[in-house]
Structure formats: C-alpha cells, structure tokens
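The structure appears below as structure tokens.
The values are calculated or read from the model by the stated rules, or taken from the named source; none is laboratory data. Everything numeric in this text was worked out from a predicted model, so none of it was measured. Quick reminder, even Gly has a Cβ in these numbers, built from the backbone with ideal geometry, and neighbours come from all protein chains shown. We work out accessible area using only protein heavy atoms, side chains counted, and drop any ligands, DNA or RNA first. Shrake-Rupley method; radii C 1.70, N 1.55, O 1.52, S 1.80 Å.
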Amino acid sequence: MESLGELLKSWPTGKSIVGQAEQKMAELMNDPLVVKLQVKYPELNEQGVRLNLNRVYQYVTEYRNCVNCPGLERCPNDYTGHYTLLSCEVVGEQAQLYDRKVSCKKFIAKQNEDQVRSRVKSFYVDERALEQGYDPSEILTNDPARMKAVGQVLSYIDRTRESGLQVEGLYLEGRFGTGKTFLMCYMLHELAKAGYSGVIVYMPEFVEDLKTMMHEPGKLRETIQMMQNTDLLIFDDIGAENTNPWVRDHVLGSILNYRMKRKPTFYTSNYNLDALERHFSFTSKDGDDQHKGERLMDRIRHYVEVVMVTGENKRHRKS
C-alpha cells in the first residue's frame, strides 16, 4: 500500500503541491474515522493530525480496505490479514500518535484452522475429506438411514470434549460408500479443534507401503511410534488389506498393544468383528492361524463401541 508521501509525489505539478496537501488534509480531518479518533482522544488537535499525517492516512485507508475486504488471499494492506490501529499519548505539550498492527478476523480464523489441520495427519486418505470443512446439516440430514450412527459419533465427540480422551474407540461397520470414512474425518476435525492430535490410515495402501519400510528401519520405527502416540488413530477400511504375519503380529500388534488402555483406536470396515477375526486368522504365507487372529482381535474387540452405518451408497450418486 502506497504512503501518503508517495501519493502526493504522484500528483501532477500543475497545481501547488501545498494546495493539494491541504485538500488531502481537509478530507482526512472530515473523515468519520478521524472525527471518531479525536472524540476518543480530545488532545489530538489538527496540528497533531498534521504531524502524524502518514499514520492517519494509513489508518483510514486500511480500514476502508477491510470494510471492502476482497478476501485474505488478495488483502491490499501492508501486512496480509492485519490492519492499523492508532492510540494517542501526550509527549511534552504535543499529542503523539502510535500505530500497531492488529490481526483481522479472517487471519485469526485461518490461523486457527491451520492449527487444527496441523494436528491431523493422513496416510493414503483423500485430503479433501479433511480440508473442505463440514456442514453440520449435511452430517445430520444427508441420509436419514444413518442417523443412529451419526448420533453415536456425535455423542462420542461430546464425551471426549467434556471428560477427555476415552479408552474405547469406535468401530464403524457398514457396506461400501455409506460414509464411514467421512464420519471419522469429521470426528478428527472436531476433536482437533479441541486440541487432540489424530492420524487416519487407509489400510490397503499402508500395508503395501510397509513392505518397503522393512528396508528402512528408521522410517518404520518413526511411523509406528507416531501411530502409537497420537491421541486418535483411525484404521480406515481395515480388512481390505492383503496382510501377512509380520504386518499382523509385529506392526499392528505392536501399535494396538501399546495403545490399549491408553488411547482410543478407531476403525472403519465392511466386515463385522467376527469376519475381521477370520481375515486376520489367515495369511497368504502361513495359511490358517486362528490363535494369531484371536490375539490381534483381543486388542480390538474389547476396546471399541460398534457403530452400524447403514444407508445408500453415496459413491453411486449422480452429481
């Protein structure tokens, strides 16, 4: 934003520069903001405004910019998302104006939203589910058939806000496309606003990536520790992965063994708990191993509230 001095320099020199400055001075003195400023600080006379002309001009200009805000991305003020406020103090016998930059509501809202997003990490999950925000009416009315499930998720969010991190998580079970991942992302977003960190992992791609991490022990250890320690951990579409004994026993087993009785773990799945146990009891390498499947499920079954998500397949809707 150009200063008053730069503005005056850009004027044509056909008229007296003094006359032009007086015209600008008269406009400023009659501006409602300046009048209001003088009411607030009676000691600020015309001479005081003249001595602080550039500050007053910036104050008025940035206020007008904010009234006609074009959006944070196109903010014309000197500092994006900030405007100038003035205060007055008598120094000797002369009123002196002091300026400071103040964050606007849009800038504060973006900072808060950035903090919320920084608390949530996703692996292989469509980021749009976390970035687009959520319309509460859509959560509640999008599909009447899933109202009971929505109520359970909202109740869980309220309990956590009121009494802190729970020991039990949620197990969202239902057919394809009923909005299980959407509801879990909504829960993450709402609880991130309450200060909780979260991780959501799309299981089929995560398990495939673990095969690469076998050769990167540092990265593997860092990934497991992050999942162990995050406040809220979601395994999305569990049961759809091609598992093996190492993933089941040493990765998932390690994560869940650490988290049980400490922090809640959440799941979305097309399987019920019994079917998921059968899934983990069979691997392409070892065939059937019911004991290992039961052992892993012992860390899931007793630490979740089952939520049945019914309704139509949203992916088949025509846009």
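One residue is enough: does the range 128-139 have a residue meeting the conditions modelled with pLDDT under 85 and at positive phi? Step through it out loud before you land on a result.
Filtering the range 128-139 for residues modelled with pLDDT under 85 gives 128-139.
Right, trim to at positive phi and you get 133.
Yes, there is a match, as at least one residue in the range 128-139 is modelled with pLDDT under 85 and at positive phi.
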Checklist entry - Of all residues in the range 235-249 being in a loop (DSSP other than H, G, I, E, B) and under 17 Å from residue 292 (Cα atoms), which is most open to solvent (accessible area, probe 1.4 Å)? => result 242
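Before we move on, is residue 208 closer than 22 Å to residue 279 by Cα, open to solvent by 30 Å² or more (accessible area, probe 1.4 Å), charged (D, E, K, R) and in contact (Cβ under 8 Å) with a residue 24 or more places away in the chain? Can you show your working first?
Working: closer than 22 Å to residue 279 by Cα: yes; open to solvent by 30 Å² or more (accessible area, probe 1.4 Å): yes; charged (D, E, K, R): yes; in contact (Cβ under 8 Å) with a residue 24 or more places away in the chain: yes.
For residue 208, the condition - closer than 22 Å to residue 279 by Cα, open to solvent by 30 Å² or more (accessible area, probe 1.4 Å), charged (D, E, K, R) and in contact (Cβ under 8 Å) with a residue 24 or more places away in the chain - is met.
Table: residues versus (1) open to solvent by 40 Å² or more (accessible area, probe 1.4 Å); (2) in a helix (DSSP H, G or I); (3) of a type outside the set (Lys, Arg); (4) within 26 Å of residue 114 (Cα to Cα).
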site	(1), (2), (3), (4)
175	yes, no, no, no
178	no, no, yes, no
187	no, yes, yes, yes
190	no, yes, yes, yes
226	yes, yes, yes, yes
Checklist entry - All but one of (1) part of a loop (DSSP other than H, G, I, E, B); (2) over 24 Å from residue 289 (Cβ atoms) hold for residue 158; which doesn't? => result (1)
Next on the checklist: Going by what's in this entry, would residue 158 be described as free of Cβ contacts under 8 Å to residues at least 12 places away in the same chain, at negative phi and open to solvent by 30 Å² or more (accessible area, probe 1.4 Å)?
Outcome noted: yes
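Residue-by-condition table, conditions (1) open to solvent by less than 10 Å² (accessible area, probe 1.4 Å); (2) modelled with pLDDT of 90 or more; (3) on the phi > 0 side of the Ramachandran plot; (4) among the aliphatic types (A, V, I, L, M):
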residue	(1), (2), (3), (4)
259	yes, yes, no, no
287	no, no, yes, no
292	no, no, no, no
297	yes, yes, no, yes
304	no, yes, no, yes
313	no, no, no, no
317	no, no, no, no
Next on the checklist: Being touching a residue at least 40 places away in the same chain (Cβ under 8 Å) and either of a type in the set (Asp, Glu) or under 24 Å from residue 174 (Cα atoms) (or both) is the filter here; which residues of the range 211-232 pass it?
Outcome noted: 231, 232
Next on the checklist: Looking at (1) out of contact with any Asp or Glu (no Cβ under 7 Å at 6 or more places or on another chain); (2) in contact (Cβ under 8 Å) with a residue 24 or more places away in the chain, which one does residue 55 not meet, given that it meets all the others?
Outcome noted: (1)
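State the number of residues belonging to the range 48-89 that are assigned to a strand (DSSP E or B), under 18 Å from residue 36 (Cα atoms) and not aromatic (Phe, Trp, Tyr). Working first, answer last.
If we filter the range 48-89 for residues that are assigned to a strand (DSSP E or B), which is where we start, we get 82-89.
Now drop any that are not under 18 Å from residue 36 (Cα atoms), which leaves 83-89.
Among the residues that remain, those that are also not aromatic (Phe, Trp, Tyr) are: 84-89.
Qualifying residue count, the range 48-89: 6.
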Checklist entry - Which numbered condition trips up residue 218, out of (1) over 20 Å from residue 166 (Cα atoms); (2) not in a helix (DSSP H, G or I)? => result (2)
Checklist entry - For the range 25-52, what are the residues that are free of Cβ contacts under 8 Å to residues at least 24 places away in the same chain and over 23 Å from residue 93 (Cα atoms)? => result 26, 27, 30, 32
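Within the bounds of the range 283-290, is there any residue that is hydroxyl-bearing (Ser, Thr, Tyr) and not in a loop (DSSP other than H, G, I, E, B)?
Step one: filter the range 283-290 for residues hydroxyl-bearing (Ser, Thr, Tyr), giving 283-284.
Right, trim to not in a loop (DSSP other than H, G, I, E, B) and you get 283.
Yes.
Give 81, 151, 92 a once-over and let me know the one that is at pLDDT below 90 and over 16 Å from the mean Cα position of the chain (by Cα).
92
Does residue 254 count as more than 20 Å from residue 168 (Cα to Cα) and either under 32 Å from the mean Cα position of the chain (by Cα) or at pLDDT below 90 (or both)? Show your work before the answer.
Details: more than 20 Å from residue 168 (Cα to Cα): no; either under 32 Å from the mean Cα position of the chain (by Cα) or at pLDDT below 90 (or both): yes.
No.
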